[in-house]
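The values are calculated or read from the model by the stated rules, or taken from the named source; none is laboratory data. These numbers come from a predicted model, not from an experiment. Because the Cβ atoms are built from the backbone with ideal geometry, glycine has one as well, and the counts that use them run over all protein chains shown. Keep in mind that these areas ignore ligands, DNA and RNA; they rest on the heavy atoms of the full protein, side chains included. Shrake-Rupley method; radii C 1.70, N 1.55, O 1.52, S 1.80 Å.
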Amino acid sequence: MLVTSFDPFNNLAISAIIASIPIILFLLCLTVFKMKGIYAALTTLIVTIIIAAFVFKLPFGIVTGGIAEGFYQGILPIGFIVMMAVWLYKVTVETGQFETIQDSITSVSEDQRIQLLLIGFSFNAFLEGVAGFGVPIAICAVLLIQLGFEPLKAAMLCLIGNGAAGAYGAIGLPVSVINTLALPGNVEAIDVSRALNLSLPLLSLFVPFLLVFILDGFKGIKETLPAILAVAIPFTVLQTIFNQFQGPELADVIPPLAAMAVLALVSKRFQPKHIYRVNNNNEAETLEPKKHSIGEIVYAWSPFVILTVLVLIWSSKFFKGLFAEGGALSFMNIVFGIPGTNNDVSGHPIMLTFNLINQTGMALLLAGVITILMSKKINFKTAGALLVQAFKELWLPIITICFILAIAKLTTYGGLTSAMGEAIAKTGTVFPLLSPILGWIGVFMTGSVTNNNALFAPIQATVAPQVGTSGALLVAANTAGGTIAKLISPQSIAIATAAVKQVGKESELLKMTLKYSIGLLVFWCIWTFILSLIIGA
């Protein structure tokens, strides 16, 4: 907060209502006015500027500086990560490696409950981790259809399967964005990752059981229990370990890879007594995968193995320490203040740091370059064309993220977040019960857990100490609530129906997933409330 007071009306209720106008307007623009995300964000930013500058008296220099900071962080690190993740995926498609990856997965078992665990859960989570932004829903739903699944049901199963992975999409971006927000109480991404370990492992364990239950009831769970456990246990355990000790970046990369590997090994010794097919006569039209040698399969997966190693290096304390103050490579940090943002509250201007080398996006870029060098099917000219293609697909979502981060900066610096937080804190200890609902609403409206955290994490972190609980816990609840909303967000539904060529049946698909989303939300509200009573501020 860079203003002298967050209560310009000397009436907290009125100040909080005025402060909440940008968020309410953003939600209305997306729903009632049916505006595209980019226009909704731009409209909201303009209104936020007016309220922050003229009502909360945020100096114009800091207004422009906050917008500049939001755009800067939207491009670096967020836009850089998103662009490189999707580019790496496109490179693997162009080299033919991705097709081999698909074949290696679909050849594990003829039982379609096991295929669902491999594709709808594990591969879905892996693609969420390395690309995100709708890629896993689109690819996995199409794969399931090729294996004989009915289109809308394939889309529904992939939406539900994505629920265990949505918090860590695109190299952990929904959680790592926390580090760009300067939250009250110094809540950082690693704190939120550890707080998520108190809740999301339950979802990671539950979703594989739920997917098989939806497909084949309790009978299916009983017949495939070894396969379910082979997926759920390594995925959940490794995701928890990475969250606790490394952070969110690899929480959707190594765990699903391990789950697929364990299930493949288990499937060599175990196959269900009754092979399940999705149609009535048990003779579904299926995709016959090509056979590949061990060497071909290892080569196909090599881009993501390389990526995993590089991200581990880039996120290690040793590597980060090289660029910290006094570190051996600290001279590479270009630190500069935004002109006109000197202020009496902090005593210094808004500071930005430029360093491409220590960005996670650089690890993705290097993985892509190494993949190109290893392949005879792609050159740097083709790879450059793929990068241009990725830019054309992603520039609007990235600019939208920039607008939303600019809104978040202005609401924080202008004291709007503090006003809303103070007012919400009047609900007292009951607020944690409602905390996941904020995240659920945020993702339902924006379609993005990243955008949701940019909007609502500052409020959650502001309220937490006032109601006597952990800021990291409430930000984690915001993230978990958002993950559950991905099952029903209009953006997710639109991507899913388009992928399975069922455009026009969005409402039908929404009805299929709604009960699961609401059921999980109710559980998460109760669970967060229980945790808030146990964990103090």
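Set side by side, the residues Ile441, Ile437, Ile495, Ile484 differ, and just one is of a type in the set (Val, Ile, Thr), assigned to a helix (DSSP H, G or I), under 22 Å from Leu196 (Cβ atoms) and at pLDDT below 85, which is Ile441. Going through (1) open to solvent by 10 Å² or more (accessible area, probe 1.4 Å); (2) more than 17 Å from the chain's Cα centre (by Cα); (3) not hydroxyl-bearing (Ser, Thr, Tyr) one by one, Ala408 falls short only on (1). Scanning the stretch 129-151 for residues that are part of a helix (DSSP H, G or I) and under 15 Å from Ile101 (Cβ atoms) gives Gly129, Val130, Val135, Pro136, Ile139, Cys140, Val142, Leu143, Gln146. Scanning the stretch 371-382 for residues that are open to solvent by 30 Å² or more (accessible area, probe 1.4 Å) and under 26 Å from the mean Cα position of the chain (by Cα) yields a total of 0. Checked against (1) more than 27 Å from Pro272 (Cα to Cα); (2) touching a residue at least 40 places away in the same chain (Cβ under 8 Å), Val93 passes all but a single condition, namely (2). Here the condition is being open to solvent by less than 50 Å² (accessible area, probe 1.4 Å) and closer than 30 Å to Glu110 by Cα; of Pro248, Pro201, it holds for Pro201 alone.
Answer with yes or no whether Ile221 is open to solvent by 20 Å² or more (accessible area, probe 1.4 Å) and either within 15 Å of the chain's Cα centre (by Cα) or farther than 14 Å from Asn478 by Cα (or both). Spell out the reasoning first.
On the way: open to solvent by 20 Å² or more (accessible area, probe 1.4 Å): yes; either within 15 Å of the chain's Cα centre (by Cα) or farther than 14 Å from Asn478 by Cα (or both): yes.
Answer is yes for this residue.
Looking only at the stretch 496-511, residues that are touching a residue at least 40 places away in the same chain (Cβ under 8 Å) and open to solvent by 50 Å² or more (accessible area, probe 1.4 Å) come to 4 in all.
Here the condition is being in contact (Cβ under 8 Å) with a residue 60 or more places away in the chain and either surrounded by fewer than 19 Cβ atoms within 10 Å (Cβ to Cβ) or not in a loop (DSSP other than H, G, I, E, B) (or both); of Ala385, Ala425, Ala461, it holds for Ala461 alone.
Quick check: anything in the stretch 35-46 out of contact with any Asp or Glu (no Cβ under 8 Å at 6 or more places or on another chain), crowded, with 22+ Cβ neighbours inside 10 Å, modelled with pLDDT under 85 and not small (Gly, Ala, Ser)? The answer is no; no qualifying residue exists.
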